[in-house]
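One structure below.
The values are calculated or read from the model by the stated rules, or taken from the named source; none is laboratory data. Note that the structure is a prediction, hence the values are computed from the model and not measured. Counting neighbours? That spans all protein chains shown, and the Cβs are built from the backbone with ideal geometry, glycine included.
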């Protein structure tokens, strides 16, 4: 007797993944882009388990959690801190640990379905486009400040990637550290001044105390002058970057995200510096989706590929 054919899935499923330096966040989405299952896993130390193996495990966990078959997942979108390259890995990825050339092909071979790579802040912007500020504005930028700094650009309701996919790499703006110093060319002059570790380093230079970036923000609430000064310095460089972006793109809204960008203690000094720069009216908001934004956006990227494999319509120009 032949085994019965498994029932067809009620809907198409895709996976959206955000690969960070310490965590992998992933979500299973239905045909409407709704996240129906999610998982967070620590990023394994580089060299202990390959990134491909980790991602296959994470996707398997999602499939089991929602009670579907592996074959019901038809595509995966993946956001990483870099620029997708022609070898299906990431370039300009100083915080990713490795560029992982061939990442997409290896994952496709392991999963049996298409894998789309995109910059992590770009997919966060796509998430905001569909379920955040994009509901009221077609022109906005998503600026993420955390381990590094990056930006996703949405113009006319579509993600703008640029000629080489590096649009929004504002860490390389010649602001902050000496842009002519080759030592600052790997991460970029702006990133050298606003990346997560710099806050704690500023505090240590002024006090001799070694604390975490999170501690610096916590001490702002306690009125610690050194912490307040460190955050104010961060806000100054960020304000310079936003004013520069505004001069070129003139977006309706600036959306801030990331471990540093989403801290409420940053907003008042940022607005103060914007006013001093002659731009007090910029519409600055925190991300409505938080850490969910890149997962939602990556899933949308996968869905768009399923509907139009040759052109990701409505997402990428």
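Here are some notes:
- If you check 300, 263 for being within 20 Å of residue 153 (Cα to Cα) and either modelled with pLDDT of 95 or more or in contact with a helix residue (DSSP H, G or I) (Cβ under 8 Å, 6 or more places away or on another chain) (or both), only one passes: 300.
Residue-by-condition table, conditions (1) under 20 Å from residue 126 (Cα atoms); (2) over 19 Å from the mean Cα position of the chain (by Cα); (3) at pLDDT 85 or above:
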site: 17; (1), (2), (3): yes, no, yes
site: 20; (1), (2), (3): yes, no, no
site: 32; (1), (2), (3): yes, yes, yes
site: 55; (1), (2), (3): no, no, yes
site: 65; (1), (2), (3): no, yes, yes
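- Exactly one residue out of 216, 160 is within 29 Å of residue 134 (Cα to Cα) and either touching a strand residue (DSSP E or B) at 6+ places or on another chain (Cβ under 9 Å) or in the same structural domain as residue 143 (by TED's automatic domain parsing) (or both): that is 160.
- Restricting the range 182-194 to residues that are modelled with pLDDT under 90 and outside any helix (DSSP H, G or I), the residue that is nearest to residue 233 (Cα to Cα): 187
- Residue that is surrounded by the most Cβ atoms within 10 Å (Cβ to Cβ), among those in the range 231-248 that are under 24 Å from residue 21 (Cα atoms) and free of Cβ contacts under 8 Å to residues at least 40 places away in the same chain: 231
- Going through (1) in contact with a strand residue (DSSP E or B) (Cβ under 8 Å, 6 or more places away or on another chain); (2) more than 18 Å from residue 258 (Cα to Cα) one by one, residue 153 falls short only on (2).
- Residue 288 surrounded by 14 or more Cβ atoms within 10 Å (Cβ to Cβ), modelled with pLDDT under 95 and not in a helix (DSSP H, G or I): yes
- Being at pLDDT 95 or above and not assigned by TED's automatic domain parsing to the domain that holds residue 221 holds for only one residue in 295, 255, 243, and it is 295.
- Of all residues in the range 267-279, those that are within 26 Å of residue 155 (Cβ to Cβ) and out of contact with any helix residue (DSSP H, G or I) (no Cβ under 6 Å at 6 or more places or on another chain) total 3.
- Test: residue in the range 118-130 that is closer than 24 Å to residue 54 by Cα, in contact with a helix residue (DSSP H, G or I) (Cβ under 6 Å, 6 or more places away or on another chain) and in a strand (DSSP E or B): yes
- Residue list for the range 135-144, restricted to those being farther than 15 Å from residue 250 by Cα and touching a strand residue (DSSP E or B) at 6+ places or on another chain (Cβ under 7 Å): 144
- Contact annotation: residue pairs with Cβ atoms under 6 Å, 6 or more positions apart or on different chains, pairing a residue in the range 170-198 that is without any contact (Cβ under 8 Å) to a residue 60 or more places away in the chain with a partner that is part of a loop (DSSP other than H, G, I, E, B) and surrounded by fewer than 20 Cβ atoms within 10 Å (Cβ to Cβ), are 184/177; 189/174; 189/177; 189/179; 190/173; 192/177; 193/177.
- Test for residue 118: is it touching a strand residue (DSSP E or B) at 6+ places or on another chain (Cβ under 9 Å), modelled with pLDDT of 95 or more, buried (at least 21 other Cβ atoms within 10 Å of the Cβ) and closer than 30 Å to residue 57 by Cα: no
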